[in-house]
1. Counting only protein heavy atoms and a 1.4 Å probe, tell me what percentage of the chain's accessible area is made up of carbon and sulfur.
2. Here are several values of log10 I(q)/I(0) by the Debye sum over Cα atoms at q = 0.15 Å⁻¹: (1) -0.49; (2) -0.86; (3) -0.71. Which one was derived from the coordinates shown?
3. Under the rule that a partner needs its Cβ under 4.7 Å from the first Cβ, which Cys of the chain have none?
4. Using a probe radius of 1.4 Å on heavy atoms only, what accessible surface per residue do you get for the chain? Whole Å² is fine.
5. Starting from 0.36 nm per residue, how many nanometres of slack lie between N86 and S49 once their C-alpha separation is accounted for?
6. Could you give the dipole magnitude of the chain about its Cα centre, charging the beta-carbon of Lys and Arg +1 and that of Asp and Glu -1, in debye to the nearest 20?
Amino acid sequence: PCVPTQVNVSLSCGSDTASVSWTASSGLVSYYTVTAVDDNGHTLTCNSSSTSCNINGLVCGQAYNVSVTAMSVDCTGQRSEVRRINT
């Protein structure tokens, strides 16, 4: 699968959730995995068969690097551009 593009992250104020959206990638895509990694290496993920996903469990006062990866049955695509957010 090709790389997802135009990744956008929107924080929901007062909650532990970020909404992530992107433009669908071409090629054979079964689903997408969204990954948020904080500066301590703690990782949160969500999977979606569409072009959006909500990541839950974000910790207040942390910075996260958020990216999207397209997945197929047989292989993992390259990671998208990284968006950095601060909670």
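The values are calculated or read from the model by the stated rules, or taken from the named source; none is laboratory data. If you're wondering where the values come from, they're calculated on a predicted model, not measured in any experiment. Please note: Cβ atoms are built from the backbone with ideal geometry, for glycine as well, and neighbour counts cover all protein chains shown. The area values use the complete protein model at the heavy-atom level, side chains included, leaving out ligands, DNA and RNA. Shrake-Rupley method; radii C 1.70, N 1.55, O 1.52, S 1.80 Å.
1. Result for the chain: 46 percent of the exposed heavy-atom area is carbon or sulfur.
2. (1)
3. Result for the chain is C2, C13, C60, C75, no neighbouring Cys Cβ within the cutoff.
4. That works out to 55 Å² per residue.
5. 10.7 nm
6. That gives the chain a dipole magnitude of about 120 debye.
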